[in-house]
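Asker: This structure is in structure tokens; I'll ask about it shortly.
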Amino acid sequence: MKAATVFGALASAAAFLVPGLALWVPSGYSYGAALLLLTALLGAPWWWRECRVSVPSRWLLASIVAMGSIWAMDSAESAWRWGTLDRPSKYLLALPCLLFLLAHAPRPRWLWSGIAVGAVGSGVVAWAQVSWMGMPRAAGFTNAIQYGNLSVLLSLMCLVLLAIRPPGLQRWHYVVLPLGVVAGLVGSILSHSRGGWLAWTLALPVLAGVLCQFVPWRRLLAGVLLLLCMVAALVYVQRHVLEERIDTARSEVLRYENVGDAETSVGQRLAHWELAWRMGLEKPLLGWGKTGYDVEKLRRVQAGQAHPFVLQFGHVHNEVLDLFAKQGVLGVLALCLFYGVPFWLFWPGRRHVTVWGTAADGSRVPVLDRTALALRAVGWTIPLAYVGFGFSQVFFAHNSGNLFYLFMVMLIHSCLQARERDQALD
């Protein structure tokens, strides 16, 4: 068997495993990443010469290096131990994986399968934990917020695939993908994570606006109506829990505004945001650093300038404000690059999703490339959703947030690059 065939099969397996096992098992998102890393390192003598790094790929590499450097700055200020290298090392080890994928991209249909299976798994695990195990909130094998947010992201990806229907989908996909939409929403609702609801509200209208120029309006309208019916049914089943969560959030905001109560879910977020903003303004360029932030936060609590409850958390529950306080404007710019490059790479503009076909009379006509459209639209869901998640959670403070973002973006980008190379050869 040729090395290229083996490498292609391993890349496709990783494309299935990263989303497919993400929420089924502990650290499920790591299995595909580990497979890619081992293949990239052990197979480097065979694939290295085949790697072609285009300008868009260089931008993606630069964004990964920039974000990894920010985490390395964080680690450099802490007392040295293996744990301090955990987050920057992921970004360093992602680089050979990306180079390998640029040489041997996975087949998109394996990615579609992984998304469908992963979304179904999120709902199955959530239902089992709440119904069988009696847990108050579904948390999978991570915390409830991370779990609920990744569930809603997988659900959104399934919805995009159903709307576009790229080539390569088989009959079973048309059964599992709708289940994935529902199951992902179930996972989010049973986790009681409000950040996922915000991300869904942000991403859905944006994606609908982008897809309406490519997808028949009747299919899009039918999909939206079906989705609304699903959401209404789920909300009705969980209406008491949802009403309680909304009422609690409202009362916690009022209690913080009126009496400064920060010992609640919303109250501690508001107290943290206010503290991080003030601290960031005092050192706007490079911030306080992680260690400096913790020391200064303790000093302000002892001086009565911040609520003691904020000491229970290592981050401020807002991605931008957390970086602003700890790494200043430099950290915020790195985050903007990390979000912005995928937004640019996956922009589903008409010229990016159109190929030239041959009409019956032999003339050349533009044809919609639904595979490219699906890759770009699914890719767009990732930074879109993460922006929503980051409003009330520091998603990149967790292993799941880093690995899922890194490897899903790299997998989708490599598929697009391979497709564009093949079309250039035609």
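Asker: Counting other C-beta atoms within 10 Å, and keeping those with at most 13, which DSSP coil chymotrypsin sites (Phe, Trp or Tyr not before Pro) do you find in segment 148-205?
Answerer: TRP172
Asker: Right, next: Which order do the peptides 46-54, 310-318 take when ranked by the mean count of other beta-carbon atoms within 10 Å per residue, highest first?
Answerer: Per-residue Cβ counts within 10 Å, averaged per peptide and sorted highest first, yield 310-318, 46-54.
Asker: Could you tell me which trypsin sites (Lys or Arg not before Pro) in segment 121-205 are loop residues by DSSP with no more than 10 other beta carbons within 10 angstrom of their beta carbon?
Answerer: Sites meeting the loop and neighbour criteria: ARG171.
Asker: State, as an integer percentage, the relative contact order of segment 47-178 based on alpha-carbon contacts under 8 Å between residues 6 or more apart.
Answerer: Relative contact order comes out at 21 percent.
Asker: Based on the mean of other beta carbon atoms within 10 Å per residue, what is the order of 17-24, 416-423, 144-151, most packed first?
Answerer: 144-151, 17-24, 416-423
Asker: Rounded, prolate or oblate: which fits segment 296-344 when a ≥ b ≥ c are the square roots of the eigenvalues of the alpha-carbon gyration tensor, with rounded for a/c under 1.5 and prolate only if a/b beats b/c?
Answerer: Here segment 296-344 falls in the prolate category.
Asker: I need the shape label for segment 41-187. Rule: rounded when a/c is under 1.5, else prolate if a/b > b/c, else oblate, with a, b, c from the alpha carbon gyration tensor.
Answerer: oblate
Asker: Please give every one of the lysines within straight-line cross-link reach of LYS290, meaning a C-alpha to C-alpha distance under 19 Å, and leave out same-chain neighbours fewer than 8 residues apart.
Answerer: Those lysines meeting the cut-off are LYS90, LYS326.
Asker: Which length gain, in nm to one decimal place, applies between LEU285 and CYS51 when the Cα-Cα distance is subtracted from 0.36 nm times their residue separation?
Answerer: Value of the extension gain: 80.5 nm.
Asker: Right, something else. Return the carbon/sulfur percentage of the accessible area of segment 1-159, one whole number, probe 1.4 Å, all protein chains in place.
Answerer: In segment 1-159, the share of accessible area belonging to carbon and sulfur is 70 percent.
The values are calculated or read from the model by the stated rules, or taken from the named source; none is laboratory data. All figures in this text were calculated on a predicted structure; none of them were measured in a lab. Quick reminder, even Gly has a Cβ in these numbers, built from the backbone with ideal geometry, and neighbours come from all protein chains shown. The area values use the complete protein model at the heavy-atom level, side chains included, leaving out ligands, DNA and RNA. Shrake-Rupley method; radii C 1.70, N 1.55, O 1.52, S 1.80 Å.
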